[in-house]
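What follows is a set of notes on a single structure, which appears directly below.
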Amino acid sequence: VETGQNMAIAKNKGEAPGRGREIIGIGLLGLSGFCMVSLVSMQAGRGHLMGPGGAAAATGLYSLAGLCAYLIVAGALLLALRMCRARQLVEDVVGVLGFLALLCSTAVLLHLPFAGEPVSLRGPGGLLGQWLAEGAAGFVGGAGAALAAATLLAISLILLTQVRVAEVFAVLGWS
């Protein structure tokens, strides 16, 4: 006959020790929500919905990554949900590489059309897009940088999804 204490011990054997991971996950969930609302507030209005701290956070995120800041916040949100559900933070290295490739290629593609134009807060590609795009354009020109970024974007989508290239061609050929 199991007592209440023995049942509690048996229940906890399958769980990860401690609740630190869940606490960090909830904190990251709150921070992700705060950043997302701050970014939307900055782009949709005056940017004061989350106060001066939210305006500063949104300005910093947008200056750093431009519109890709939404990808960073979405990635943090997914990471928080995995932590709260007691799953592995990263299933494999391919997913991390795919996310980084998606982030970098998108930042470059968002920066290139506005290269050399006067923009606020470093433009839609942010500092990341500016740095990567102008570095690549220095080697292969603007068109080459765009081609490399588009290729990297396609590779990242293959890494992050279960879609095969043959399936894409089949759908394109069907329509």
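The values are calculated or read from the model by the stated rules, or taken from the named source; none is laboratory data. It should be emphasised that the depicted structure is a prediction, and the values quoted were computed from it without experimental measurement. Because the Cβ atoms are built from the backbone with ideal geometry, glycine has one as well, and the counts that use them run over all protein chains shown. Side chains included, ligands, DNA and RNA excluded: accessible areas come from the protein's heavy atoms. Shrake-Rupley method; radii C 1.70, N 1.55, O 1.52, S 1.80 Å.
When the helices (runs of 4 or more DSSP H) confined to segment 92-175 are screened for residues that are without any contact (Cβ under 8 Å) to a residue 24 or more places away in the chain, open to solvent by less than 70 Å² (accessible area, probe 1.4 Å) and within 19 Å of Ala69 (Cβ to Cβ), those reaching at least 1 such residues are found at 93-111, 126-160.
Of the conditions (1) touching an Asp or Glu at 6+ places or on another chain (Cβ under 9 Å); (2) part of a loop (DSSP other than H, G, I, E, B), Gln88 satisfies every one except a single condition; which number is it? Result: Gln88 fails condition (1) only. Is there a residue being in a helix (DSSP H, G or I), at pLDDT below 90 and open to solvent by 30 Å² or more (accessible area, probe 1.4 Å) anywhere in segment 31-43? Looking for residues that are in a helix (DSSP H, G or I), at pLDDT below 90 and open to solvent by 30 Å² or more (accessible area, probe 1.4 Å), one finds at least one in segment 31-43, hence yes. For segment 49-82, taking the residues that are under 16 Å from the mean Cα position of the chain (by Cα) and open to solvent by less than 20 Å² (accessible area, probe 1.4 Å), the one that is farthest from Gly129 (Cα to Cα) is identified as Ala80.
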